[in-house]
Amino acid sequence: MIVLLVLATLLLAGALYVARGFYVIRKARKLTEKIEGLEAAGAELRARTEGLKAEAKADEAERVVALGFVPEDRLDTDHPAPVPAERTAALAAVRAGDWEAGAAHLEAAGTDWEERWHRVRALAEAAVEDDAWLLAWRAARPQDPSAATVHADNAVLVAWEVRGSAWARHTSAEQFDVFHDLLRGAQKAVHAAQELADPADPVPYMVEQAVALGLMYPHERYERLWTEIVSRDPKGLSAHTNAMQYWARKWRGSHERSLAFARDAAAAAAPGDLLSLLPLIAYVEQETYEDDLKAEDFYPRPEIRTAVDEALADLAAADPADPRAVQLRHVLAYLLFWQDRDAEAVEQFRHVDGHIGAMPWYYAGNPKERYLYARNWAVRVTELED
């Protein structure tokens, strides 16, 4: 009898356990169904929210374009400003095999060293795609300093193409080996061009700045190179902006060294020399490098506002036709936006709009997105909400 009671108790307990199991399973299923329903509703809500945001963004973009600004699909991410017609013609001619057009284009720059630098670089870039015309030029005029300089800059560019633009930690050992081998060959070409050049010409020495960066010249050696450059052109903007890369923390300097270099150069310049750009570059480099810095907190700092004010005064004193001014305008537009000086930012955006191949836009993974966010915000605040 006792055995039967125990057995009955066990069977009852088992039945209750099974029943409870079925109850728990049913409850779990109901909870799962409820969670799935909530997730579906949430996804639908998020989709509707994103749709409304996209619609509002498209509406804002349309209104900005209606005010005369360039639409997204027409933004040029390769150039900071329209390419001069004579440069376009010269590049078309050399690509067709007419190296003499390239030689004449460089000759026409005369002793405007800044302009000569840009023409050398444009021709060297064209030769990266196809250097047959450059080889023909060198063969026809082996002692031509212009041909030698373009050849040297082309060799530097080819080396950097192999290295790529990624951070060092994302660049393979094999890439670095080939890069350094090519750059050492380019260095020889650079020194040969320096020997052939007009003694007053700083451009072959400016070409070496990229070699110094890649081969990690020690400070003393870079200082000697820098002396060669500024003894020939003390206020060359491109030479100074190239030097800012060397002195940046990501290469061979530090934030402090970069900013000191920038401030010293800007202080030594006359109004209108546009070297006020340099401290702004130093700040952009710092904010880009430091992950813990937030643009909305960093750029409104008093010392950066002061640097922006000084740059605006420098810009006002410059020749309105100075092609170098566009570089400063791009950076000013960005910093003025972050400083909530939207009307002043819009003024700069109107000058540069359409061509965004410049710092700070190309420091973003999506230059158009960065540019449009800043431009459209500033335009909306100043033009659309009045």
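The values are calculated or read from the model by the stated rules, or taken from the named source; none is laboratory data. In this text, all values refer to a predicted model and were calculated from it rather than measured experimentally. Positions of Cβ are generated from backbone atoms using ideal geometry, with glycine treated the same way; all protein chains shown enter the neighbour counts. The accessibility values were calculated without ligands, DNA or RNA, using every heavy atom of the protein model including side chains. Shrake-Rupley method; radii C 1.70, N 1.55, O 1.52, S 1.80 Å.
Looking only at the range 79-99, which residues are surrounded by 13 or more Cβ atoms within 10 Å (Cβ to Cβ) and in contact with a Phe, Trp or Tyr (Cβ under 8 Å, 6 or more places away or on another chain)?
V94, R95, D98, W99
May I ask you to verify whether E296 is assigned to a helix (DSSP H, G or I), open to solvent by 30 Å² or more (accessible area, probe 1.4 Å) and more than 20 Å from D153 (Cα to Cα)?
So E296 fits the description; yes.
For residues that are of a type in the set (G, A, S) and modelled with pLDDT under 85, scanning just the range 171-202, find the one that is most open to solvent (accessible area, probe 1.4 Å).
Within the range 171-202, the subset of a type in the set (G, A, S) is 172-173, 185-186, 189, 192-193, 197, 200.
From what's left, modelled with pLDDT under 85: 172-173.
Values: S172: 44, A173: 65 Å².
For the range 171-202, the residue satisfying everything is A173.
Across the range 355-386, what is the number of residues that are over 26 Å from P302 (Cβ atoms), part of a helix (DSSP H, G or I) and either open to solvent by 10 Å² or more (accessible area, probe 1.4 Å) or not hydroxyl-bearing (S, T, Y) (or both)?
10
Identify all residues within the range 340-382 that are farther than 17 Å from E62 by Cα and among the small types (G, A, S); write none if there are none. Walk me through it before giving the result.
Initial filter on the range 340-382 (farther than 17 Å from E62 by Cα): 340-345, 347-348, 351-352, 355-367, 370.
The answer is A343, A345, G357, A358, A364, G365.
Just to be sure I understand the filter: pairs with C-beta atoms under 8 Å, separated by 6 or more residues or on different chains, first member in the range 74-98 and over 21 Å from A109 (Cβ atoms), second member of a type in the set (V, I, T) and surrounded by 12 or more Cβ atoms within 10 Å (Cβ to Cβ). Which pairs pass?
L75/I356; D76/I356; T77/I356
On the basis of being hydroxyl-bearing (S, T, Y) and modelled with pLDDT under 95, does T149 make the cut?
The answer is no for T149.
Tally up the residues in the range 233-268 that are open to solvent by 60 Å² or more (accessible area, probe 1.4 Å) and more than 25 Å from the chain's Cα centre (by Cα), please.
Total satisfying the criteria: 3.
Would you pick out the residues in the range 41-88 that are basic (K, R) and modelled with pLDDT under 95?
The answer is R46, R48, K53, K57, R63.
Looking at the range 63-88 only, could you name the residues that are assigned to a helix (DSSP H, G or I) and either among the hydrophobic types (A, V, I, L, M, F, W, C) or within 17 Å of T149 (Cα to Cα) (or both)?
Of everything in the range 63-88, those that are assigned to a helix (DSSP H, G or I) and either among the hydrophobic types (A, V, I, L, M, F, W, C) or within 17 Å of T149 (Cα to Cα) (or both) turn out to be V64, V65, A66, A85.
Within the range 117-148, work out how many residues are basic (K, R) and more than 23 Å from the chain's Cα centre (by Cα).
Summing the residues that are basic (K, R) and more than 23 Å from the chain's Cα centre (by Cα) in the range 117-148 gives 2.
Out of all the residues in the range 274-291, which are part of a loop (DSSP other than H, G, I, E, B) and surrounded by fewer than 21 Cβ atoms within 10 Å (Cβ to Cβ)? Show your work before the answer.
Pass one, the range 274-291, residues part of a loop (DSSP other than H, G, I, E, B): 274-276, 290-291.
The answer is E290, D291.
Could you say whether any residue in the range 299-322 is closer than 23 Å to Y373 by Cβ, of a type in the set (F, W, Y), assigned to a helix (DSSP H, G or I) and at pLDDT 95 or above? Break it down into steps so the answer makes sense when it comes.
Within the range 299-322, the first condition is being closer than 23 Å to Y373 by Cβ, and the residues that meet it are 299-301, 304-305, 307-308, 311-312.
From what's left, of a type in the set (F, W, Y): 299.
Right, trim to assigned to a helix (DSSP H, G or I) and you get none.
Checking the range 299-322: not a single residue is closer than 23 Å to Y373 by Cβ, of a type in the set (F, W, Y), assigned to a helix (DSSP H, G or I) and at pLDDT 95 or above.
Within the group L91, L38, which residue is part of a helix (DSSP H, G or I), out of contact with any strand residue (DSSP E or B) (no Cβ under 6 Å at 6 or more places or on another chain) and modelled with pLDDT of 95 or more?
L91
Would you mention how many residues in the range 318-328 are surrounded by fewer than 21 Cβ atoms within 10 Å (Cβ to Cβ) and free of Cβ contacts under 8 Å to residues at least 60 places away in the same chain?
5
Do we find a residue being surrounded by fewer than 22 Cβ atoms within 10 Å (Cβ to Cβ) and under 15 Å from the mean Cα position of the chain (by Cα) anywhere in the range 332-354?
Among the residues of the range 332-354, not one is surrounded by fewer than 22 Cβ atoms within 10 Å (Cβ to Cβ) and under 15 Å from the mean Cα position of the chain (by Cα), which makes the answer no.
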